[in-house]
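For reference, the structure discussed in these notes is given below.
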Amino acid sequence: MGLFRYIVQGFGWEIGSQAAREGLDALKQSAEPAEVDAETIDPRTRAKLERIRRHEEKRRAAQIDAQLAALKRRAKQS
């Protein structure tokens, strides 16, 4: 029974890592800036939008990491 548990747990880890990769890919796609004519934006506004985009990207990545850590803890308890 112990071997079966490790096999199932291995499949769980693989599924979880695949879900995390898909989540990160979706994050990268959604973080792409909207198409705006770069010449019409003030340089200060452009810099501010870039800082906001980086902040949102880091926040979303942290959320995904937290969810993955919670799943790992839950898998360890099982």
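What follows draws every value from the coordinates through simple rules; no lab data is involved. Keep in mind the model is a prediction, meaning the values are calculated, not measured. Neighbour counts run over all protein chains shown; Cβ positions are idealised from the backbone, glycine included.
Between 0 and 90 degrees, the angle of helix 2-30 with respect to the longest Cα principal axis of the chain falls at about 10 degrees. Consider the candidate values [x] 2.57; [y] 1.58; [z] 1.65; state which one is Cα Rg over 2.2 N^0.38 Å computed from the structure displayed. The calculated read-out lines up with [z].
Projected label points at D25 and T45, each 7 Å from Cα along the beta carbon direction, are separated by 3.5 nanometres.
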